[in-house]
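Here is the structure we will look at.
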Amino acid sequence: MTIKVIAVNTFKEAVRDRILYLLLFFAAAAILLSRVLAMLTVGDRMKIVKDVRLASISVFGALMAILIGTGLVYKEIEKRTIFTLISKPIRRYEFLLGKYFGLILTLAVMMASMGLIFLGLVLVETGVFEGRLLLALVYVFLELLLITAVAILFSCFSTPILSSLFSLGFYLIGHFSWSLEALAKKVQPGLGRTLLAVLSAVLPDLENFNIRTEVVHALPLPAAHLAYAAAYGILYTAFVLALAVLIFRRRDFV
Amino acid sequence: MSTILSIEGLRKTFSQGFIPRRKEILKGISFAVSEGEIFGYLGPNGAGKTTTIKCVLGLIFPDAGRIELCGRPHLDPRSKEKVGFLPENPYFYDHLTAREFLDFYGQLFGLAPAVRRERIRALLKLVDMERAADLSLRKYSRGMLQRVGLAQALINEPSLVVLDEPLGGLDPIGRKEVRDIILRMRDEGRTVVLSSHILQDIEMICDRVAILVGGLILSQGRLADLISEKILFTEIVLSGVGREELAALGEPLSALAGRTLLKVYDEARIPTVLDLVRDRKGSIHSLLSRTQTLEDLFVGMVKPQ
């Protein structure tokens, strides 16, 4: 109940943030202008347009999660609004989860807006409603669940600028960590290979949520992979949130 | 009367700076607040008043000591159900209006919508903010924020209200109004703990005080017991008598428009002064005895530190 009250208040606060609309505007612009980009390429233009649009939604969604998420908890502490909140009969984890779900609600609304523009445009251009595109959007959203948790984790102990950099680092590493696995296979067995294998296991693999190629090019999507990616996202998110709660639980609000 | 807040042996150390240096803010604080009283928590800046309050409300974790709120350990959420808190220089969600803001806090206590509506109406009336109820808090002045903050602290009809510097930054009229609200809280049976360095206000409304200096409580008790009723000196404004003659009886201070302010430390000499003025056909313009004030007590304690 308390989590819901805080989440609704966070949602009200986040939707008044101008940066959200700036990013939404750029996302809409990227979705619309992707047709121009497609003209410069060779191949099935519509497929490239869809791919670029899905990638834009993913990137702008992540930026929204990072830029708003990293300020959420920090602002409460900095502006001292947290003093009156924590003095009420609420537990600290309820506060943190309320903030998290409030931002998730905001991102859901933003994703729905971007998704509507995207699916609407594709419908107009091709005359076909593609349900698989919706699936790709769901997995982008799963990725946002994790990135938001990471942004909130950093926001518990660091300033918004540093937290944004850390979260952006997490996002970039997450999308390129698969190359470590590829590299490990090419390296001679030994310490180097073990190190690379450990690193690729520890670092997040956000490419798990990237099913754009399969969706756009109508390639088969094994249910096992979809289930694995969903479980990976949910468990990783739960782990990061638990870490954030642990840090927040013993923090002094000076 | 039963105890509503008890603190025993509270200690807190902070590490500050890039190369952390430990600074002990609270050095073993103990006091208890009884139900139904207004308890003043006094001390100069940096004495540890706010740190103590934050420990009580679970914003800071003490290194050692025991705090009990309404008969329960202070971190038990049930103990906070009956507590209201107004922080120093309150900042609230400025995207909300006063009504939305109070409604949000009412929801945190799980109050039903009808109860919330009724309480918000009554509280806005109490703090005289009905006219600005639907204005965003962003547009509020400091005094207005302080009033809405007070309303927020009362939304759960608390038994204990903790106010950190509630009179800071208010104009004289605002201070009087807040003082009246605090007195009304006591009349309604609530216990109030307030920290302040505006001593006259504390003196006017508090039943008991504790004086905190450098992380230690130097004195605590009923105001009447702490401040002696003994007359420190008597100030007499008179005219018609020369300064030289008065010097033997007291300390003649200013001479403005032919009037002299005479400070008489020995009470027994007052009749002599009056006789002298009568003999010289002079006049007495005023005669005022000064007893010890809280300020005298406070300055006396803080200075040696």
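We did not get these values from a lab; they are worked out from the coordinates using the rules stated. All figures in this text were calculated on a predicted structure; none of them were measured in a lab. Here Cβ is always computed from backbone atoms with ideal geometry, including for glycine, and neighbour counts include all displayed protein chains.
The C-alpha atoms of chain B define a longest principal axis, and helix B:270-279 lies at about 50 degrees to it.
Distance distribution P(r), region B:223-305, all Cα-Cα pairs, bin width 10 angstrom from 0: 17, 42, 23, 15, 2 percent. Just to compare against my own numbers: the Cα pair-distance distribution for region A:51-142, 5 Å bins, whole % per bin, please. Histogramming region A:51-142 at 5 Å steps yields 3, 12, 20, 18, 12, 10, 9, 7, 5, 3, 1, 0 percent. Restriction of the chymotrypsin sites (Phe, Trp or Tyr not before Pro) in region A:126-178 to DSSP coil positions whose beta-carbon has at most 11 other beta-carbons within 10 angstrom yields A:Phe129.
The Stokes-Einstein estimate for region B:1-81, based on a Kirkwood radius over Cα pairs and taken at 37 °C with 0.692 mPa s viscosity, is a diffusion coefficient of 243 µm²/s. Counting only the Cα atoms, region B:56-127 fills a convex hull of 120 Å³ per residue. Protection proxy ranking, highest mean first, for peptides B:138-151, B:45-58, A:229-242: B:45-58, B:138-151, A:229-242, where packing is the per-residue count of other beta-carbon atoms within 10 Å, averaged. Looking only at A:Val216, A:Val124, A:Val109, which one moves most when chain A is put into a Gaussian network model with springs between Cα atoms under 10 Å? Residue with maximal mean-square fluctuation among A:Val216, A:Val124, A:Val109: A:Val124. The radius of gyration of the Cα set in region B:149-252, together with its Dmax, comes out at 19.9, 66 angstrom. Computed over chain A, the per-residue total of -39500 (n - 2.57) for DSSP H runs of n ≥ 4 gives a 222 nm mean residue ellipticity of -27500 deg cm²/dmol, rounded to 500. Only helical runs count toward this figure. For chain B, summing -39,500 (n - 2.57) over DSSP H runs of n ≥ 4 and dividing by all residues gives -9500 deg cm²/dmol at 222 nm. Largest GNM mean-square fluctuation among A:Ser56, A:Ser87, A:Ser167, using chain A with Cα springs under 10 Å: A:Ser87.
On the principal axes of its alpha-carbon atoms, chain A has extents of 61, 54, 31 Å, going from largest to smallest. Take the Cα radius of gyration of chain B and divide it by 2.2 N^0.38 Å, N being the number of residues; the result is 1.26.
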